[in-house]
There are 4 protein chains.
Amino acid sequence: MTAIGFIGLGVMGRPMAEHLVRAGHEVTVHNRSQDPVRALQSAGAKAGGSAADVAAGAEVVITMLPDSPDVEAVVLGDDGVLSAAPQGLLLIDMSTIRPDTARQVGEAARARGVRFLDAPVSGGEAGAKEATLSIMVGGDAGDFQAALPVLESLGRTIVHVGPVGAGQTVKAANQLIVAGTIELVSEAIVLLEAHGVDMAPAIEVLAGGLAGNQILERKAAGMLERRFDPGFRIDLHHKDLQIVQATARDAGVAIPVTALVAQLLVALRSLDRGSLDHSAILTLIEDLSGRGGPRPTAG
Amino acid sequence: MTAIGFIGLGVMGRPMAEHLVRAGHEVTVHNRSQDPVRALQSAGAKAGGSAADVAAGAEVVITMLPDSPDVEAVVLGDDGVLSAAPQGLLLIDMSTIRPDTARQVGEAARARGVRFLDAPVSGGEAGAKEATLSIMVGGDAGDFQAALPVLESLGRTIVHVGPVGAGQTVKAANQLIVAGTIELVSEAIVLLEAHGVDMAPAIEVLAGGLAGNQILERKAAGMLERRFDPGFRIDLHHKDLQIVQATARDAGVAIPVTALVAQLLVALRSLDRGSLDHSAILTLIEDLSGRGGPRPTAG
Amino acid sequence: MTAIGFIGLGVMGRPMAEHLVRAGHEVTVHNRSQDPVRALQSAGAKAGGSAADVAAGAEVVITMLPDSPDVEAVVLGDDGVLSAAPQGLLLIDMSTIRPDTARQVGEAARARGVRFLDAPVSGGEAGAKEATLSIMVGGDAGDFQAALPVLESLGRTIVHVGPVGAGQTVKAANQLIVAGTIELVSEAIVLLEAHGVDMAPAIEVLAGGLAGNQILERKAAGMLERRFDPGFRIDLHHKDLQIVQATARDAGVAIPVTALVAQLLVALRSLDRGSLDHSAILTLIEDLSGRGGPRPTAG
Amino acid sequence: MTAIGFIGLGVMGRPMAEHLVRAGHEVTVHNRSQDPVRALQSAGAKAGGSAADVAAGAEVVITMLPDSPDVEAVVLGDDGVLSAAPQGLLLIDMSTIRPDTARQVGEAARARGVRFLDAPVSGGEAGAKEATLSIMVGGDAGDFQAALPVLESLGRTIVHVGPVGAGQTVKAANQLIVAGTIELVSEAIVLLEAHGVDMAPAIEVLAGGLAGNQILERKAAGMLERRFDPGFRIDLHHKDLQIVQATARDAGVAIPVTALVAQLLVALRSLDRGSLDHSAILTLIEDLSGRGGPRPTAG
């Protein structure tokens, strides 16, 4: 049993914190809005009045927040985690943020005697609820080993991919591939429909060969029916591709195709489709092919 | 047992014809160069002196040729299949060609009382040898049923995807996705390497989530070691993307990302890498990121 | 005074033929539809019943036709120019066609003892009417000199740019730059408008510096007012970019930006804007930025 | 005669400050390194020990600095311009920075009773020396009028393009068009050379028609000879395209072609060509077309 502070009870964070309670840990939670805090209290967690409060008595603190500035504020700010962290605390940030922000936060933590791991996840809301997340972890090998018993309550594939920041870099690569693959599948679907191909067997045979991918497996059926209820919103994928582009620019890596895909996401947001699932990239390829009808915008 | 004519004994065609012999069919083969013909004769096939010759006594003719003009010549030319085809012959073209060429050949066949299916494959040389090809078939449903017993000796996933031409359109979509996915995986690999990420666990976790695809499963290990022995050559994928682009243009479908990927293949050919495996798209992203060393060119 | 045959009395060809009549040449014209033929007869030209007819008594034949297949038919076909051409005839094709078609036609001409120049023009309908066209000529230097007195009745800038086909290659480069520049100016305009910049002085200062170009000079004012009456239609520029792409592919030249611009033209045609002026590329950038209103389609 | 403070005596700033001295103004300069300060003192200027020092007695302060953070530090920092600015001071920032930074600095200035204009320039080192710069000015119309007598000593085309920030937005649009046009001219040159066209007359005819632009006029000759001495360095244009992309993203404007051009600049920097003139984009298109030889890198 570990004393765990958990900060950030959003769509992802709330079921994750519940799994930790259920696994028998002593969990103290903190969140800006109080509804999810009360829900966690009913489940057996304690509530902390601030990030500092949560950190004070913890062995492990987990943060699960929307974006880089949120993590900076919660960890580095007045009344933040580091302001009250006991020596040797293990801080695990599971948010998706910029790798360079992760490294800066890691530096600040180390200077305060706090161990830091960046441990972003993939698998979405379903993965959080079913504790089947993939977790990509950057940091010291010893800290990774120390975190494993806790992380195993949250995910299924948990890998150590390098020093602090490496977890976020792998997450960036993940989002690069996912957005690009949705785009490719969209081009393929519009091409096939335009030529009158029978779509169900076509998707089946594509999924079964070297073109096979998880977008064909999990998303294509919804795309064929133009169901774009999120899932993972275009707004969020747009944010993640900004991280990808900054990460590539920092290292002088050319990503010509991803730069173009990022422009398509800019267009989708400007067309008021930012709240749709990212598989709605399909609608833009349709529009550009003169095959779009009236468009749903986000509810 | 069916009387089958088989034309085109290249890297793919030769093992396919052998499977048909082994399955007990009466196979007559034709090929420009004679070495593979003799090999098939040893295996139990007969040799035909021309395409017409092969077609004359056949119930089914299969063509497996490099490109659209080859199919036109062998089927429509003097001494071609249609010049000698018996009424009701079932002609199955398994080459990868332009969908509009497939439709033209199909029209000409019908006018001569010959049934026609376009049935391109994916799965490569290994799939041909192991009879595990995926086969995407366009044509009449009745003709598809008639062809199934023969095609089942050649592949594992055999689907009917629409009228004549639909098989080639699905193959085009397949090649679109494969080239684009190699490109995305290349961008991801260069990005990860540039940031010092541990590559083996990174690839593992990417392959296990929504970013998962067959390029990560089958090609990434070779890419990490810069092994680019073909496989499927860049020259051939370049040809296939020309088909993709023509097919999209004919239908007014915009394929912005694939148009860009096609330019990368143009560059790779101009850089003398056309004989490398298509996974060598990685080398171009490396070059553009200032991370390329001296380059292997095709042997 | 020269005996000139002129084939192709479209929007461009008709005023060009009139200039030649006015310059005192003995002009025989041919055209599929008869209205422009009668107009030229009123102006003093003679009418020929076929391309062969026109060629039979000519010293110079000029062709001004829509596309590559038209030139092939009129020059190489039965009853075509070469079927009746006197030895030493100077054939000048002023159409915009593929450079490789120009070379093939040039070969066929030479084999028949006919001299050939490819001499496409820029400057549009206005340039044709005012005889201020730019003419880019490929062929032998001697043939160029022989053609100059005739061409000087049609244009102002007349340059010899290399062997047969070079004229068409320069025209392709011209169309590449024009389409791309319209695209760049479109991105700039939408960016400036989105930020509330005063457009008239902004365009003025852009036009006056290193960003200065003829699109800003001649087209930007109409673009700011969303006037897209052609001018040069998107459909035609789309055709020309197909020529550009084939010409680049033949030489292994990578044109990543133009390949992307070509996709935007595909989209504009699919969106039923093919009859608008090419400056309507602006409307697509607007749409992609969520700033488009209802769209005019071609009348 | 106006009391002018001038901060930033780099390649651009030094000749600009000299023009102001020569025009009879009372100029006090400040710069990190002291050599240019001494040169200006010889020319008749006074030296100020800090930005605050320079601002204290001035009617007008001009800043000409490398990047957004420099302007923030010099204007907003301890001992910065605003810390000592007299009421009603007119602060003119002529650096190229982000439009949103210009707006933030403008807000801070107004809060301190200081009038602010953003007034970036185009025309480069030559324009600065010859006082022929183009100056694009954002801010209040009254402030623009007040600044005109001073700006007229520095440039020839001086336009008011909107509120604070508008000057920087127009500069961003300028850099967007310039980079893209160099790219298009590069594609055209490689295409023409690959086909053996005579380059001098080809460039002449392109420059004379609708494809005409200032890159063809001023840069193409150097590009044909592969002379890439800067001029304007790729490193700086890369920085400016980052500003362009941020400015577009803020407004939800899609700039697909510029996003791709920006990737080419990333590649050129990674290939160690960042110190070459921006016209060296040509070398990348050459490389991608297999026509590059050994490459000069920056000295």
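The values are calculated or read from the model by the stated rules, or taken from the named source; none is laboratory data. The structure displayed is predicted, hence computed values, not measured ones. Virtual Cβ from ideal backbone geometry, glycine too; neighbours counted across all protein chains shown. Surface accessibility is based on the protein's heavy atoms, side chains included, excluding ligands, DNA and RNA. Shrake-Rupley method; radii C 1.70, N 1.55, O 1.52, S 1.80 Å.
Values computed for the structure shown
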item	result
When each of C:K129/D:K219; B:K219/B:K239; A:K239/B:K171; A:K239/D:K219 is checked by Cα-Cα distance, pairs over 28 Å	C:K129/D:K219; A:K239/B:K171; A:K239/D:K219
Beta carbon of chain A nearest to the axis of the rotation taking A to D, residue and angstrom distance	A:A259, 2
Computed over the range A:82-127: relative contact order in percent, which uses C-alpha pairs under 8 Å that are six or more apart	51
For chain A, share of DSSP beta bridges that run antiparallel, in % to the nearest 5	15
The range C:127-144 - phi-based ³J(HN,Hα) in whole Hz, Karplus 6.51/-1.76/1.60, Gly and Pro as x	x, 5, 5, 8, 6, 10, 4, 8, 10, 10, 10, x, x, 5, 4, x, 5, 4
Position B:G292, label points 7 Å along Cα→Cβ, spacing to each other copy in nm (shortest first, one decimal)	0.7, 3.6, 3.6
Karplus 3J(HN,Hα) series, Hz, for the range B:65-74 with 6.51 cos²θ - 1.76 cosθ + 1.60 (x for Gly, Pro)	10, x, 7, 3, x, 5, 5, 4, 5, 6
Relative contact order of chain D, defined on C-alpha pairs under 8 angstrom at six or more residues apart (%)	13
DSSP beta bridge pairing in the protein assembly as shown, given as percent antiparallel to the nearest 5	15
Net +/- balance of residues flanking C:D277 in space, Cβ distance below 10 Å, scoring K and R +1, D and E -1	+3
Highest-first arrangement of A:194-205, A:77-88, where packing means the average Cβ count within 10 Å	A:194-205, A:77-88
The protein assembly as shown: calculated mean residue ellipticity at 222 nm from DSSP helix runs of at least 4, using -39500 (n - 2.57)	-15500 deg cm²/dmol
Centroid-to-centroid separation of the range C:18-66 and the range B:222-256 [C-alpha atoms, Å]	48
About the Cα centre, charge dipole magnitude for the range C:163-299 (Lys/Arg +1, Asp/Glu -1 at Cβ), debye	360
Apportionment of accessible area to carbon and sulfur, the range A:116-194, percent (1.4 Å)	47
Crossing angle, helix D:256-270 versus chain D [Cα axis fit, 0-90 degrees, rounded to tens]	90
Overall form of the range A:143-201 per C-alpha gyration tensor (a/c, 1.5; a/b vs b/c)	prolate
Residue-wise HN-Hα coupling along the range B:33-50, computed from phi with Karplus coefficients 6.51, -1.76, 1.60 (Hz; x: Gly, Pro)	7, 8, 4, x, 4, 4, 4, 5, 4, 4, 7, x, 8, 9, 10, x, x, 7
13 Å beta-carbon shell around C:A119, net charge (K/R +1, D/E -1)	-3
Residue mean of other protein chain beta carbons inside 10 Å, B:164-175	6
Amide H contacts of A:G162 (H built 1.01 Å from N, under 5 Å, at least 5 apart or other chain)	A:G139, B:D198
Residue-normalised accessible area of chain C, expressed per residue, 1.4 Å probe, Å²	34
Principal-axis tilt of helix D:234-251 within chain D, Cα atoms, nearest 10 degrees	80
Signed unit charges on C-beta, dipole axis of chain D, positive-most listed residue D:S95, D:Q175, D:G290	D:S95
Long-range HN-HN contacts of B:T28 with modeled amide H, under 5 Å	B:I4, B:G5, B:F6, B:K46
Between C and D, accessible area buried - total, square angstrom, nearest 100, 1.4 angstrom probe	5400
Inter-copy label distances at D:P86 (7 Å, Cα→Cβ; nm, one decimal)	6.3, 8.9, 10.9
Long-range tail of P(r) for the range A:150-299 (Cα pairs > 28 Å, %)	25
Protein-protein interface of the range B:236-267, residues with accessible area decrease of at least 50 Å², isolated chain reference, 1.4 Å probe	B:R249, B:G252, B:V253, B:A254, B:P256, B:V257, B:L260, B:Q263
10 Å Cβ neighbours from other chains, averaged over peptide A:279-291	5
Label geometry 7 Å along the beta-carbon vector: C:D250 inter-copy distances in nm	2.3, 4.8, 4.8
Point-charge dipole on Cβ atoms (K/R +1, D/E -1) for chain D, about Cα centre, debye to 20	140
Per-residue average of Cβ from other chains inside 10 Å of D:151-163	3
Segments A:4-17, B:145-158 sorted - mean Cβ within 10 Å per residue, highest first	A:4-17, B:145-158
